[in-house]
Amino acid sequence: MITRIHVNQHVIKQNRKTGRRDPVLTVKTYKTNEYYKEVVIDGPCRVVYSPDKPLSCGAQVWIETNSEVKGVTDEGRSMDDCNRDFEVNCGTLAGKVLMYGKAITLSERGESC
């Protein structure tokens, strides 16, 4: 499955204007868009510049790979770790919901990623 990663310039500008630190990296597959502040590409990839045929979001430069891409949270934990936390804790309602690459705790007993 092909994965494309690009930097969202609109979020960078909005962060600068508001002082927020929202994730600026978009990781796209044919079925998902995920947002991170850092990603790790576990294998070969290529950088594409295509001003005449940009992505549907308007990006003209992106990284393309068939390798596994792992998003990293603010605290340096991979999203795989956060997803495992959710699977382990969801039966006790102490699970986490992923939003913009961050895990949001559903109960006081859970610890956020």
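The values are calculated or read from the model by the stated rules, or taken from the named source; none is laboratory data. None of these values were measured; they are calculated from a predicted model. Cβ coordinates were reconstructed from backbone atoms using ideal geometry, including for glycine residues, and neighbour counts include every protein chain displayed.
Can you tell me which residues in the range 5-39 are within 13 Å of residue 58 (Cβ to Cβ) and assigned to a strand (DSSP E or B)? Full working, then the answer.
Within the range 5-39, the subset within 13 Å of residue 58 (Cβ to Cβ) is 6-11, 26, 28.
Correct list: 6, 7, 26, 28.
Those residues that are free of Cβ contacts under 8 Å to residues at least 60 places away in the same chain, over 19 Å from residue 54 (Cα atoms) and not charged (D, E, K, R), I need them from the range 13-43; list them, please.
Correct list: 14, 15, 18, 19, 39, 40, 41, 43.
From (1) modelled with pLDDT under 95; (2) under 15 Å from the mean Cα position of the chain (by Cα), pick out the condition that doesn't hold for residue 59.
Answer for residue 59: the failing condition is (2).
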